[in-house]
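First comes the structure, then the notes that go with it.
The values are calculated or read from the model by the stated rules, or taken from the named source; none is laboratory data. Fair warning: this is a prediction, and the values are worked out from it, not measured in the lab. Every residue, glycine among them, receives a Cβ derived from its backbone with ideal geometry; neighbour counts consider all protein chains shown.
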Amino acid sequence: MRDFSWRYFTLTGDIDAYLLYKKHEQMLADRRQPDVEEDDTEGNGPES
């Protein structure tokens, strides 16, 4: 899907094809990143 949307964009200049390409890239990047909890600042760290 990624290759098709990129090729279609380069041949036609269709912005929707480019946006689809970027969305697919972002989905792949999100899958590669491990899940990290963001609530790690509520006093769980070492005391000074």
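Just a yes or no: is a residue in the range 29-38 at pLDDT below 95, aliphatic (A, V, I, L, M), outside any loop (DSSP other than H, G, I, E, B) and out of contact with any Ser or Thr (no Cβ under 6 Å at 6 or more places or on another chain)? Checked the range 29-38: at least one residue is at pLDDT below 95, aliphatic (A, V, I, L, M), outside any loop (DSSP other than H, G, I, E, B) and out of contact with any Ser or Thr (no Cβ under 6 Å at 6 or more places or on another chain). Residue pairs whose Cβ atoms lie under 7 Å apart, sitting 6 or more positions apart in sequence or on different chains, and linking a residue in the range 1-25 that is without any contact (Cβ under 8 Å) to a residue 60 or more places away in the chain to a partner that is outside any helix (DSSP H, G or I) and not hydroxyl-bearing (Ser, Thr, Tyr), are TYR8/ASP14; HIS24/MET1.
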